[in-house]
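Heads up, the thing below is written out as structure tokens.
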Amino acid sequence: MQTSEFVFLLLTIFILAAVIFGLWLRRSSLPCPAWLAWMVELDNPFFRNNRASEIIRRLKIEPGMRVLDFGCGPGRLTIPLARQVAPNGEVTAFDIQPAMLARVQANAHSAGLTNIRLVQGAAGEGKLERAAYDRVLLVTVLGEIPDQKTALREIFDSLKPGGLLSVTEVIADPHFQRRERVRQLAAEVGFVEAAFFGNPVSYTLHLQRPITA
């Protein structure tokens, strides 16, 4: 077998495995397994809207803020967020998988960051502080949560009045959520839409907890 044929065969196997894995994930609400953390640590080159720098820039993160990275995974956003809020701000890295949080901790140590708080848990377990955060991020995570309305209500309560929830979705994610569904669920728990970036298949939606009830 020639080298080019071997490379083509490997590529074909990889694509088929990715498609099968994606179809399996679509039928479940499981998060990305920790052994695939390396896949979600890097920005997807095809979706600018999903790049960590873009998501953070649009949220106008300032030093001293408290930020919650909900479903943080290996910390693709946690690490740059912690740099942005330093020296007096704090980022809470929240994830259901201890292995993902261990990776965040290792990455934080390598970056010399000490302003990241790790919380292991799932949506609805009451582990989030109330009225504590200036910003909350849900980046390709909402579709992995079985009870989305309960999760959004818990996030709403965890935000300070006037605080923002940033929801990012891309069509390549097996658990992609349409904008209209996210807007409807968010409105039911009290959020108001503050901004929209992108397009129907790759977008970021900013939702605000009103300053007054």
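The figures follow:
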quantity	calculated
Computed magnitude of the charge dipole of the range 143-213 (debye, nearest 20; Cβ of K, R +1, Cβ of D, E -1)	180
Theoretical gain in end-to-end length, Ile96 to Arg51 [0.36 nm per residue, Cα-Cα removed]	13.9 nm
Distance-filtered residues of the range 78-96 - backbone nitrogen under 16 Å, label point 7 angstrom along Thr150 Cα→Cβ	96
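Since every read-out is calculated from the coordinates, none of them should be taken as a lab result. Values in this document were obtained by computation on a predicted structure and should not be read as measured data. A quick note on method: Cβ atoms are made from the backbone with ideal geometry, for glycine too, and the neighbour counts reach across all protein chains shown.
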